[in-house]
Protein chains: 4
Amino acid sequence: MTKINVHELGYVRLVNVMGSDLTIVNAARVSYEKESFNLNENDISLLKFLAREGHTSPFRHALAQFEIYAPLMVARQWWKYIVGSAHMEATGDSMDAWNESSRRYVTEEPTFYIPKNNEWRSKPLNSKQGSGDYLGIEIGDKYSKELEKLIELGVSAYEAALADGVCAEQARLFLPSYGMYIRWYWTASLQSISHFIVQRSKKDAQKEIRDYATAIIELIKPHFPASLEELIK
Amino acid sequence: MTKINVHELGYVRLVNVMGSDLTIVNAARVSYEKESFNLNENDISLLKFLAREGHTSPFRHALAQFEIYAPLMVARQWWKYIVGSAHMEATGDSMDAWNESSRRYVTEEPTFYIPKNNEWRSKPLNSKQGSGDYLGIEIGDKYSKELEKLIELGVSAYEAALADGVCAEQARLFLPSYGMYIRWYWTASLQSISHFIVQRSKKDAQKEIRDYATAIIELIKPHFPASLEELIK
Amino acid sequence: MTKINVHELGYVRLVNVMGSDLTIVNAARVSYEKESFNLNENDISLLKFLAREGHTSPFRHALAQFEIYAPLMVARQWWKYIVGSAHMEATGDSMDAWNESSRRYVTEEPTFYIPKNNEWRSKPLNSKQGSGDYLGIEIGDKYSKELEKLIELGVSAYEAALADGVCAEQARLFLPSYGMYIRWYWTASLQSISHFIVQRSKKDAQKEIRDYATAIIELIKPHFPASLEELIK
Amino acid sequence: MTKINVHELGYVRLVNVMGSDLTIVNAARVSYEKESFNLNENDISLLKFLAREGHTSPFRHALAQFEIYAPLMVARQWWKYIVGSAHMEATGDSMDAWNESSRRYVTEEPTFYIPKNNEWRSKPLNSKQGSGDYLGIEIGDKYSKELEKLIELGVSAYEAALADGVCAEQARLFLPSYGMYIRWYWTASLQSISHFIVQRSKKDAQKEIRDYATAIIELIKPHFPASLEELIK
């Protein structure tokens, strides 16, 4: 399996992988002139030790590349979790590559994420971020429809402005962009991938990004079964 | 002067500064046990040499802190120019600190950037990015009003959703967020500041961010006159 | 006090400082349009919260510049703790500037760190890194003298090679360089400075670098008393 | 070919590779929903364009892992070219992983780089760094032998100190460490690899590290023939 759909329109695709659990074991043992070719008990103990003690540098020698299609608010949160948090919250140089499409010059028609009527969530009780239980379908229905209508108005105005000769970089002011889909390639070390996955379990992580993290886990786990188990537990 | 207004609602404020032109000169001469206390001809020649040859590491020892209030599309472009470009286009570790307000839990009422009727620009003739000449006031008037109306609709729906108990992280889907103002602190080395300023002169830089870059120059130049002249020419 | 001697020949000098405890408080509260001008109880509670929860990004807006003179082995370990660990052990983008003298072209005569006869330490009992108790003065005396002799031989050969026209980059092969002094400027955020200080308390940190960390604490503490107390406890 | 010897004792080994020229092409075209499966003329033109204009971010999605055995002075210069220059000279976040052996606890016997009698170089005529022509064999012979002798003295003292119970972190003060061999794993993006290779062609790059860069080129070129040609010309 190399592609998993997320929500109605989004997806994650595993494009490429480098290395295996052995890659990490051998990087960690660089001081000794030994190399493992089959993962044995000692190797698994070493992976446990590295993950437990936070010695995550050996996990930087294994990497994977994904193609992702997700709403802008998911993309920005994702980027903040990895590249951003490396710079801001001191959680580590992220060893990531990231190339995304840009609304400043892409001309393909914009598509948007609209929660279904049973997917709208309440505000959380004791927290400033995140969300609580699902709201009733009646309220959900109201806002799914209203959002659809507002997006239609925004896209119409955006397209009219473009047709009237307005530059794309100003015309985009009409787009309700938090929900607009973008596509990107993400190449990341296993250290960075597991950091991203761990962020998702925080109670203030947004449901929409957690759905993408789950897809990442399913795609990557068969390639690094022992490492991933230790890194994300 | 420590604060400059940008557009109708935005601004840049210089909060703090560390170092002077001499800081750079002395950092560059670390190999020799000499320290300059007054900027002389030799020192200026050294600054010229460092800037011309791209030996910009000494410019990392001088820093400034700004408070900025700007539309989200400016903030994202800014961040991409510095932190992002460090990661993506190999233009350097940015040595920046960045703390911004977040729409996921801020409750202050959103405000938006709306180009005035004489500020709408045409699409560029020979480029996929950027913009060309100003459009006529008639067209401008039409889109200023339409944008204002769309923002009103979006904000109304956003507030109704919040009032109905929808979580902020989903309610924000109604906001035409490219133009929404956010506030942030940016602390950056002179290396990073000048990198940002240079980006603005690229022909595909958006007019709105160039207006902010101009404010940064005016605020910082009195503190590093000789360095800035070399770095941004 | 702006300069503290370390060992016989080394030192740390505080060259410049930007910000105060208030800088951090205000950066953390960027979402609200409030600014503190005197550090009150609430502000100190906020500093405690930020340090305890690892929300260290606000500490990046306060910085200090140091000039340091230390043996190469201390410099390399220092660099590894900050820039290196940012890249390798995922402990964060270090927001550091670093300019050092280089033996590839400096011609000033090399000077060396030689532990005194009561400063040689035993190997640790239960660890592969670090050191244990002090060894007797007799053994210490023997190795202080031997090291001095070996350095003399190395420097003589180095200088003879230079005199015979050998390039500096090869002639340096004769130098017992772990103990050779170099001089550098280090400009770092309070986030990075406290990260460095915390590393020193690890049981495998080398005594020689701990002596420098102690000097850094003494120099920086008067400028950020509340922040530093929270960050390094 | 996956392993190339460098000098008498050193080597570079290609451990793993991810991606191909197509990986870069597809990452650059993320905005369009197209994917190339065979490298055609248009794709090569795109690679030329990306390399020429410095749009190197797509080259971050292809990576390789190497095992390297080299003198410490080569390792430090290498690290400075990539991780260090990312931080210092603003040449880009390096997207590298690096795990090396450490003399603080490795117990395998140290080995050293000793230039042969025809490998000693003169100091350069018009530069503070680098080297000039080869010196005569007579001078070379003298210094090869002296260096060998000094290393023997240093290693003897080092081992005697260890035997007397001195901790490894102090005992290493006896080692002429610039020439001491260390082993490390380096995983790097094609962007970072080509940056490293380009550094080597600078006139002040040390001959010893250029020999390693040549080995890297030979190992990596078959995997990214079109990209490498553009990146390093």
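A few points about this structure:
- Altogether, the Stokes-Einstein calculation at 20 °C and 1.002 mPa s, with the Kirkwood radius of the stretch C:114-178 over Cα pairs as Rh, returns a diffusion coefficient of 157 µm²/s.
- Amide H within-cut-off set for C:Lys3, under 5 Å, with H built and near neighbours excluded: C:Leu14
- Copy A relates to copy D by a rotation, and the A residue whose beta-carbon is nearest that axis, with the distance in whole angstrom, is A:Met18, 2.
- Relative contact order of chain D, defined on C-alpha pairs under 8 angstrom at six or more residues apart (%): 30 percent
- Backbone N within the stretch A:125-168 under 20 Å of label point (7 Å from B:Ala160 Cα along the Cβ vector): A:135-157
- Expressed in units of 2.2 N^0.38 Å, where N is the residue count, the Cα radius of gyration of the protein assembly as shown is 0.97.
- Kirkwood Rh, Cα atoms: Rg over Rh of chain C: 1.05
- Between copies, the label points at C:Glu152 (set 7 angstrom from Cα along Cα-to-Cβ) are spaced 2.1, 9.2, 9.4 nm, reported in nanometres from shortest to longest.
- A Stokes-Einstein calculation at 10 °C with viscosity 1.306 mPa s, built on the Kirkwood radius of the stretch B:9-69 over Cα pairs, returns a diffusion coefficient of 122 µm²/s.
- Counting Cβ atoms of other protein chains within 10 Å of each residue's Cβ and taking the mean over peptide A:177-184 gives 5.
- Near B:Gly165, once Lys and Arg are set to +1 and Asp and Glu to -1 for all other residues with Cβ below 14 Å from its Cβ, the sum equals -2.
- Per-residue average of Cβ from other chains inside 10 Å of D:127-135: 4
- The alpha-carbon of C:Lys48 sits under 17 angstrom from the alpha-carbons of these aspartates and glutamates, leaving out residues fewer than 8 places away in its chain: A:Glu89, C:Asp21, C:Glu229, C:Glu230.
- Positive-end residue of D:Pro110, D:Ser192, D:Ile139, charge dipole of chain D with Cβ unit charges: D:Ile139
- Trypsin sites (Lys or Arg not before Pro) restricted to DSSP loop in the stretch C:99-190 with at most 13 other C-beta within 10 Å: C:Lys116
- Copies compared at A:Pro222 - label distances in nm, ascending, label defined 7 Å from Cα in the Cβ direction: 2.9, 6.5, 6.5
- For D:Lys116, the lysines whose Cα falls under 28 Å of its own Cα, not counting residues fewer than eight places away in the same chain, are C:Lys149, D:Lys3, D:Lys80, D:Lys128, D:Lys142, D:Lys145, D:Lys149, D:Lys202, D:Lys203, D:Lys207.
- Note on the protein assembly as shown: with charges restricted to the Cβ of Lys and Arg (+1) and Asp and Glu (-1), its dipole about the Cα centre is near 0 debye.
- Sum of side-chain charges, A:Asn42 neighbourhood, beta-carbon under 14 Å (Lys, Arg +1; Asp, Glu -1): -1
- Low-density loop cleavage sites - GluC sites (Glu not before Pro) in the stretch D:1-63, where at most 15 other Cβ are within 10 Å (DSSP): D:Glu8, D:Glu33, D:Glu35
- Helix-only CD estimate at 222 nm, as mean residue ellipticity for chain A, using -39500 (n - 2.57) per DSSP H run (n ≥ 4): -12500 deg cm²/dmol
- Of interest is the spacing of the C-alpha centroids, which for the stretch B:126-146 and the stretch A:24-64 amounts to 57 Å.
- Among the residues of A:55-65, the average count of other protein chain beta-carbon atoms within 10 Å of the residue beta-carbon is 6.
- Annotation note: trypsin sites (Lys or Arg not before Pro) in the stretch C:30-66 located in DSSP loop regions with a Cβ neighbour count of at most 12 within 10 Å are C:Lys34.
Read-outs: derived from the displayed coordinates by stated rules, not from any lab. From a predicted model like this one, the values you see are computed outputs, not experimental measurements. All Cβ positions, glycine included, derive from the backbone under ideal geometry; neighbour counts span all protein chains shown.
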